[in-house]
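Everything below concerns the one structure shown next.
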Amino acid sequence: MEKQGAVPFRRHRHARNLTVPFEASTSLDGHGITISTTGSPSVRFNAGGADAAGLGLRADTSFRNLHLTAQIPALALKNNSIKTGTVNGTFTAGGEYARWDGSFKLDKANLHSGIANIGNAEISGSFKTPRLQTNFSLGSPLVWSRDNGLDAPRLHISTLQDTVDRLPQPRFISRLDGSLSIPNLQNWNAELNGTFDRQPVAAKFKYTREGAPRLEAAAALQKLNLAPYLDEFRQQNGKIFPDILGRLSGNVEAHLKIGSIQLPGLQLDDMETYLHADKDHIALSRFKSGLYGGHTEGGISIANTRPATYRLQQNASNIQIQPLLQDLFGFHSFSGNGDAVIDLTASGENRKQLIRSLQGSLSLNISNGAWHGIDMDSILKNGLSGKISGSTPFYRFTLNSEISDGISRHIDTELFSDSLYVTSNGYTNLDTQELSEDVLIRNAVHPKNKPIPLKITGTVDKPSITVDYGRLTGGINSRKEKQKILEDTLLEQWQWLKPKEP
């Protein structure tokens, strides 16, 4: 570190008031720093000390283009102590694409023999980028001692972030009160209560830097609407892993409880989880929440890869299945309530990439629902010339699927209804929604009746259904014989569906 400075002033033999201009320059880590007085400060010496008036300070550095000014109307040095009145100052930093602006106020500072206190310290300002502006303010009395470090016993924090030159979408709206204690540079802890996004919140934080830096937290929030935050992720072209975590040298551990989480088209209730985050990944373990009218438990993780990699592991019980399938895969072929076991991994910057990269498994056990897009009862009654589209009600449906590269393959899928027993093998391309199913429809009342084999192709929304003559006729090639076998099979199945004669 290099220093150079000058303190030019003239003192007359009998003068007691001095005008003290001052300027000093130095450098730190390659960044130049200049500190100077401004205005016309004066110093008056007296017994045991000195008084300064009209003191202004200015600091400029190339680090982050930081500029700071401070006005100290009165400063007293006496008996190894320093006292000030009210100190006001401003600061700016950054540049065109990321700029800090703010002001600060220190009221009645007193420093003596290893102890310092400030009656009240306030700082407020903003951080602005081309897309967002974040306003903040902090205030508290401050007490410092050589033995106990720094305490802010009555800390108040407020924050607000909003969009720039776009429709307003406020978020990070906080008004918090609490305390902060910093015993040394290796440790600090805080307790805060108030509101976050206008909802009640309570939080505790503990930071240690003995070895790897570690931040522990516990937070309870009544309600959180994630829609404004997800919109920002969309604006970042799918980049979801926070930059601040990517620069972490340690880790973050947090216990979170949130009464209600709102997402577009989805709500989680009574969510509780343990968060672990470092520069490589974010994980929510022991995750549990109310979901789709039921309950789910498991884990969620995001790896800091390019593109990001996601893993979803959930055991859901008594949930509404249709919205689950709609949110995961974008289709709604099955409805009803039931259980789901999910273990999925995907990577990508948008939904299409995520679907195409899906790997994992999905198991469903559904009760009292329907298979939408195909009316199997009508096929049994009228053949393929009748109504095909519609739905097939059931009292139980089971599916076990393995998913690779966005294609879901399953065997021995079963559907049970009062009139039908249906089994199916096949696959669905979750990206294109194309499917291929080999289906057997059996008479649930007369299981020995010959089953009807169907081939379902096309898309989930517009399936094409044909009779699988190969399985039905056992190699018979005659079109007439095939038709006769189909008619006999349908007739056999129809007998038990016909209403009984009075």
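The values are calculated or read from the model by the stated rules, or taken from the named source; none is laboratory data. Note that the structure is a prediction, hence the values are computed from the model and not measured. Cβ atoms come from the backbone with ideal geometry, glycine included; neighbour counts cover every protein chain shown.
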Strands (runs of 3 or more DSSP E) enclosed by the range 79-132 - at least 1 residues per element that are charged (D, E, K, R): 81-84, 99-112, 115-128
Close pairs from the range 58-83: first more than 30 Å from HIS31 (Cβ to Cβ), partner of a type in the set (Ser, Thr, Tyr), Cβ under 8 Å, at least 6 apart: PRO73/THR86; ALA74/THR84; ALA76/THR84; ASN80/SER113; SER81/SER113
Check whether at least one residue in the range 45-57 is touching an Asp or Glu at 6+ places or on another chain (Cβ under 8 Å) and either at pLDDT 90 or above or closer than 19 Å to ILE115 by Cβ (or both), and report yes or no. no
Can you name the residue in the range 261-300 that is among the hydroxyl-bearing types (Ser, Thr, Tyr) and crowded, with 19+ Cβ neighbours inside 10 Å and, of all such residues, is modelled with the lowest pLDDT? TYR292
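Can you tell me how many residues in the range 127-174 are of a type in the set (Phe, Trp, Tyr) and within 19 Å of LEU230 (Cβ to Cβ)? Talk me through it step by step, then tell me what you get.
From the range 127-174, those of a type in the set (Phe, Trp, Tyr) are 127, 136, 144, 172; that's our starting set.
Restricting the remaining residues to those that are within 19 Å of LEU230 (Cβ to Cβ) gives 172.
Residues in the range 127-174 being of a type in the set (Phe, Trp, Tyr) and within 19 Å of LEU230 (Cβ to Cβ): 1 in total.
It is to be established whether one or more residues within the range 358-365 are of a type in the set (A, V, I, L, M) and not in a strand (DSSP E or B).
Just the residues of the range 358-365 that are of a type in the set (A, V, I, L, M), to begin with: 358, 362, 364.
Restricting the remaining residues to those that are not in a strand (DSSP E or B) gives 358.
Looking through the range 358-365, at least one residue is of a type in the set (A, V, I, L, M) and not in a strand (DSSP E or B).
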Tell me, yes or no, whether the range 41-54 has at least one residue that is among the aromatic types (Phe, Trp, Tyr) and either in contact with a Pro (Cβ under 8 Å, 6 or more places away or on another chain) or closer than 30 Å to LEU160 by Cβ (or both). no
How many residues does the range 259-313 hold that are hydroxyl-bearing (Ser, Thr, Tyr) and more than 24 Å from SER357 (Cβ to Cβ)? 5
Subset of the range 365-389 that is of a type in the set (A, V, I, L, M, F, W, C) and closer than 14 Å to GLN322 by Cα - its residue that is modelled with the highest pLDDT: ILE366
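Would you mind finding the one in ASP177, ASP147, ASP197, ASP151 that is acidic (Asp, Glu) and under 21 Å from the mean Cα position of the chain (by Cα)? Give the derivation first.
Numbers: ASP177 fails: under 21 Å from the mean Cα position of the chain (by Cα); ASP147 fails: under 21 Å from the mean Cα position of the chain (by Cα); ASP151 fails: under 21 Å from the mean Cα position of the chain (by Cα).
Answer to the selection: ASP197.
Residue under question is GLY338, and the condition is that it be farther than 18 Å from TYR395 by Cβ and of a type outside the set (A, V, I, L, M); does it hold? Working first, answer last.
Numbers: farther than 18 Å from TYR395 by Cβ: no; of a type outside the set (A, V, I, L, M): yes.
The answer is no for GLY338.
Among ILE123, ILE115, ILE72, which is loosely packed, with under 15 Cβ neighbours inside 10 Å, of a type in the set (Val, Ile, Thr) and in contact with a Ser or Thr (Cβ under 8 Å, 6 or more places away or on another chain)? Can you show your working first?
Values: ILE123 fails: loosely packed, with under 15 Cβ neighbours inside 10 Å; ILE72 fails: loosely packed, with under 15 Cβ neighbours inside 10 Å.
On inspection, the qualifying residue turns out to be ILE115.
Test ASN477 against the criterion of being assigned to a loop (DSSP other than H, G, I, E, B), modelled with pLDDT under 60 and more than 30 Å from GLN322 (Cα to Cα), and give yes or no.
Against the criterion (assigned to a loop (DSSP other than H, G, I, E, B), modelled with pLDDT under 60 and more than 30 Å from GLN322 (Cα to Cα)), ASN477 qualifies.
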Given (1) hydroxyl-bearing (Ser, Thr, Tyr); (2) surrounded by 15 or more Cβ atoms within 10 Å (Cβ to Cβ); (3) within 26 Å of LEU77 (Cβ to Cβ), index of the condition THR159 fails: (3)
Evaluate the range 390-403: report whether one residue or more is within 27 Å of ILE319 (Cα to Cα), at pLDDT below 90, small (Gly, Ala, Ser) and loosely packed, with under 14 Cβ neighbours inside 10 Å. no
Residues within the range 426-463 that are hydrophobic (A, V, I, L, M, F, W, C), outside any strand (DSSP E or B) and touching a strand residue (DSSP E or B) at 6+ places or on another chain (Cβ under 7 Å), tallied: 3
Starting from residues that are within 25 Å of GLY338 (Cβ to Cβ) and buried (at least 17 other Cβ atoms within 10 Å of the Cβ), keep the ones in the range 348-364 and report whichever is modelled with the lowest pLDDT. LEU354
Is one or more of the residues making up the range 169-188 touching a strand residue (DSSP E or B) at 6+ places or on another chain (Cβ under 9 Å), within 30 Å of SER249 (Cα to Cα), modelled with pLDDT of 95 or more and among the β-branched types (Val, Ile, Thr)? yes
Among strands (runs of 3 or more DSSP E) entirely within the range 167-232, at least 1 residues that are in contact with a His (Cβ under 7 Å, 6 or more places away or on another chain), closer than 19 Å to ILE258 by Cβ and among the basic types (Lys, Arg) occur in none
Among the numbered criteria (1) surrounded by 15 or more Cβ atoms within 10 Å (Cβ to Cβ); (2) modelled with pLDDT under 95, which one does THR134 miss? (2)
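Let's see how each residue does on (1) of a type in the set (Lys, Arg); (2) within 29 Å of ASN135 (Cα to Cα); (3) at pLDDT 85 or above:
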| position | (1), (2), (3) |
| --- | --- |
| ARG10 | yes, no, no |
| SER40 | no, no, no |
| ALA59 | no, yes, yes |
| ALA93 | no, yes, yes |
| TRP100 | no, yes, yes |
What's the total number of residues in the range 335-364 that are touching a Gly at 6+ places or on another chain (Cβ under 6 Å) and hydrophobic (A, V, I, L, M, F, W, C)? 4
Can you list residue pairs whose Cβ atoms sit under 6 Å apart, with the first residue in the range 262-291 being over 18 Å from GLN322 (Cα atoms) and the second being assigned to a loop (DSSP other than H, G, I, E, B) and of a type in the set (Gly, Ala, Ser)? Count only pairs 6 or more apart in sequence or on different chains. none
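Return yes or no: is THR129 out of contact with any His (no Cβ under 8 Å at 6 or more places or on another chain) and of a type outside the set (A, V, I, L, M, F, W, C)? Let's see the steps before the verdict.
Working: out of contact with any His (no Cβ under 8 Å at 6 or more places or on another chain): yes; of a type outside the set (A, V, I, L, M, F, W, C): yes.
Yes; evaluated as a whole, the condition is true for this residue.
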